[in-house]
1. Could you tell me the calculated FRET efficiency between residue 231 and residue 171, based on Cβ-Cβ distance and R0 = 45 angstrom, to the nearest 0.05?
2. Rounded, prolate or oblate: which fits the chain, taking a ≥ b ≥ c as square roots of the Cα gyration tensor eigenvalues, rounded meaning a/c under 1.5, else prolate when a/b beats b/c?
3. What number of lysine-lysine pairs in the chain show an alpha-carbon separation below 22 angstrom, given a sequence spacing of 8 or more or placement on distinct chains?
4. So how much slack lies between residue 195 and residue 255, counting 0.36 nm per residue of separation and subtracting their Cα-Cα distance, in nm?
5. Under 5 Å between amide H atoms, partner at least 5 residues away or on a different chain: which partners does residue 79 have, H built in plane at 1.01 Å?
6. Give me the net charge for the shell around residue 119: Cβ to Cβ below 13 angstrom, other residues only, Lys and Arg +1, Asp and Glu -1.
7. Quote the relative contact order of the chain in percent (integer), defining contacts as alpha-carbon pairs under 8 Å separated by 6+ residues.
8. How charged is the neighbourhood of residue 153? Take every other residue with its Cβ under 12 Å from the Cβ of residue 153, and add Lys/Arg as +1 and Asp/Glu as -1.
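Here, each number is a calculation from the coordinates, and none is a lab measurement. Please read all numbers here as calculations on a predicted model, not as lab measurements. Virtual Cβ from ideal backbone geometry, glycine too; neighbours counted across all protein chains shown.
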Amino acid sequence: MAKTVVAFGAPHSPSLPSVVAKDPSFVENALYQDIRTALEAAKPDVLLIFANDHFNTFFLDNWPLFSVGVASQTAGPNDQTPMPRYEIPVHEGLARHIHRTGIENGFDLAQTQEFEVDHAFTVPVHFVAPHGKLPIVPFFINCFSDPLPLAERTHELGRVIGGAIRSYPEKLRVAIFASGSFSLEIGGPKIPPRDRSGVPDRKWVARIVELIEKGHIKALTQEATQDQMTRAGNAGGEVLNWIAMLGVIGDRMPVSLLPQPHGHAFGIWSWDEP
């Protein structure tokens, strides 16, 4: 049977690869390297990434709330992110099993079979699996287009996916990655006119970190309403990627959770195995 062995949460800022290339001492590079170290120590066979598309893979004529990438491989970034292009293997068997299990448990999951991914997926791959050999399962969550999925429903979906991993018949070690920010406005009215991005709700960032650190995930799903995520910026729905990951891993507490001034955090969940 497959099992989850480690989990992470981190931002997917598209500028980060080029910033780090110019200045490797940039603090967020060290935080990503901590994640890579924990990932390599866990020796996973596959990396399940919860992330959101930025109107590059999907558009409003076909915009699922939840979609699983089911293919033998993908590639990206399919946007203008200044970073290397990666050919990324996909664990098609686990992806297909998650899709089927979700439907059997009442989630009308979409499936995409011919697709590329944008920086929400490739920035994590760039920092934690740059060799391009670790297969992923790409799971898309709508974090941008109104209406967003309910936080409680997203958490329950994570629980179902956790069960799907445990019921997968192949012996696999699975790592989980939540890709996204807590409060972020990109080119919208919640930031100063000449800025490209900003953090509209720093109190909400602190509240999320507090609730995760205390293990109060039910409170987080109750407080992460559509209105609250909207107040946190036009990318404030990215907290749903973290909420799905928290559903997969259950009651485990983070070994580290480090908020940053740009509206996001870096988190690691790791556990000793019997």
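1. Working: r = 45 Å, r/R0 = 0.99.
The pair residue 231/residue 171 has a calculated efficiency of 0.50.
2. Details: a/c = 1.25, a/b = 1.19, b/c = 1.05.
Note, shape of the chain comes out rounded.
3. Lysine pairs, 8 or more places apart or on different chains, close enough: 9.
4. On the way: separation 60, 0.36 × 60 = 21.60 nm, distance 3.45 nm.
This chain segment gains 18.2 nm when fully extended.
5. Correct list: 119.
6. Details: positive: 85; negative: 53, 79, 116, 118, 238.
Neighbour charge sum, excluding residue 119 itself: -4.
7. Working: 597 pairs, mean separation 81.1, N = 274.
Across the chain, relative contact order equals 30 percent.
8. Numbers: positive: 159; negative: 108, 152, 156.
Summing Lys/Arg as +1 and Asp/Glu as -1 gives -2.
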